[in-house]
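Data block below; observations after.
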Amino acid sequence: MDIKAYIASGILEQYVLGNLSPREEAEVEQYAGQYPEVRQEIDDIERTLEEYAMLNGKVPPPGVLTATLQRMHAEKMFAPRAGRGSRWRALAIVEGLLLLAAIAGLLLLSQKARQQQAAQARLLQQMDTLQQNCDSIQAYAGRLEDNIEFLKQPSTRQVIMRGTGLAPDAVATVFYNPELRQNLLSIGRMPSPPSDKQYQLWAIVAGQPVDMGVFDLSSEAGALIAVPFLENPQAFAVTLEERGGSPAPTLDQMYVIGNT
């Protein structure tokens, strides 16, 4: 028998991997008992498999693993042959790698599930933000429609308040409707007040100033602000007061005024 040709044929690798039939396997084991070179080659292949598994942590293909594990369990049911310990160690490592691969798969699935949940939470939050923005835009559009309808009414009068010597270019407008009993204030152009000051709107009724509330400058010129309605105003004016307003106007701080 040509031992070198037999070893080079690859049958010993198939034996270690569990790919031989029972008859072929018995033949290999017979030759391994007769020829030390065959036994040494088998031991070398098994040791190489063990070292590869330990160094790379890679599991061989499923078919090889299944056949190898079946062989390992079958051999454990009978008296062990000499020289098979290294093979069992290699197979035990492969079995351990199978378990590690299963655990890694479960961890990967769990991580993907958490990532999907986080992505869904972010998506729901974005949708909620978009819904809030849509609601705000819809409410703003509704107010604009109401204001336009108010301005189109024949009974709505426009009272323009022009700048005084403090701010000659300043201008604001009160839209006054006695039939609807409603007023809207439009801030056309007003100087930015100090942080501790605030503009206050007044109506002159029967020669007396009546407080109509304080307001801040809108970020948009011409924005309409609802203000209190008063009967028979003779004029409207705006003064600069301490933040929160004043019970009486500071006349030397009057910025705009307009007669009805």
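The values are calculated or read from the model by the stated rules, or taken from the named source; none is laboratory data. Quick caveat, the model's predicted, so the values are computed rather than measured. Backbone-built Cβ (ideal geometry, glycine too); neighbour counts: all protein chains shown.
Tabulated values for the structure
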item: Contacts under 9 angstrom Cβ, first residue in segment 142-156 being surrounded by 10 or more Cβ atoms within 10 Å (Cβ to Cβ), partner assigned to a helix (DSSP H, G or I), 6 or more apart; result: Thr156/Phe150
item: Number of positions in segment 156-174 that are farther than 12 Å from Gly258 by Cα and in a strand (DSSP E or B); result: 1
item: Test result for Val174, within 12 Å of Leu224 (Cβ to Cβ), among the aliphatic types (A, V, I, L, M) and touching a residue at least 60 places away in the same chain (Cβ under 8 Å); result: yes
item: Exclusive hit being surrounded by 14 or more Cβ atoms within 10 Å (Cβ to Cβ) and at pLDDT below 95, set Leu224, Leu201, Leu240; result: Leu224
item: Only listed residue being within 24 Å of Gly213 (Cβ to Cβ), under 46 Å from the mean Cα position of the chain (by Cα) and surrounded by 10 or more Cβ atoms within 10 Å (Cβ to Cβ), chosen from Ala167, Ala118, Ala172; result: Ala172
item: Segment 7-31: number of residues that are over 15 Å from Asp44 (Cβ atoms), crowded, with 18+ Cβ neighbours inside 10 Å and in contact (Cβ under 8 Å) with a residue 40 or more places away in the chain; result: 1
item: Residue within segment 138-155 that is part of a strand (DSSP E or B) and out of contact with any Lys or Arg (no Cβ under 7 Å at 6 or more places or on another chain) present; result: no
item: Condition check for Asn183: touching a residue at least 60 places away in the same chain (Cβ under 8 Å) and either assigned to a loop (DSSP other than H, G, I, E, B) or buried (at least 16 other Cβ atoms within 10 Å of the Cβ) (or both); result: no
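Table: residues versus (1) in contact with a strand residue (DSSP E or B) (Cβ under 6 Å, 6 or more places away or on another chain); (2) closer than 22 Å to Leu251 by Cβ.
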| position | (1), (2) |
| --- | --- |
| Thr156 | yes, no |
| Ala170 | yes, yes |
| Leu201 | yes, yes |
| Gly207 | no, yes |
